[in-house]
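Contents: one structure, followed by commentary.
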Amino acid sequence: MVEKCIRLSVAAEMLGISVQTLRIWNNDGKIRMIRTIGNQRRVPVSEVERVLKQNEEHKPIVFLEYQGQK
């Protein structure tokens, strides 16, 4: 089965990061990429989904104090 892959610019936009950060993450092993025959990087959609899910699980909870009428 062929894995659906997207361009770095699309993946970076989905993740809310720059393309350069995405390349660094790949070099650091934080996200897996595939190289095309022309040696261009592509990101599997499953990797973007994995990172989004991982970030959602580690999102900090913010408590806001209600400043109602006194």
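The values are calculated or read from the model by the stated rules, or taken from the named source; none is laboratory data. Predicted model, so just to flag it, every value in this text is computed and none were measured. Calculation scope for accessible area: heavy atoms of the full protein, side chains included, ligands and nucleic acids excluded. Shrake-Rupley method; radii C 1.70, N 1.55, O 1.52, S 1.80 Å.
When the range 1-25 is examined, which residues are found to be open to solvent by less than 50 Å² (accessible area, probe 1.4 Å) and more than 11 Å from the chain's Cα centre (by Cα)?
If the condition is that a residue be open to solvent by less than 50 Å² (accessible area, probe 1.4 Å) and more than 11 Å from the chain's Cα centre (by Cα), then Cys5, Ile6 are the ones that fit.
Count, please, the residues in the range 26-44 that happen to be open to solvent by less than 40 Å² (accessible area, probe 1.4 Å) and among the β-branched types (Val, Ile, Thr).
Residues meeting the conditions: 2.
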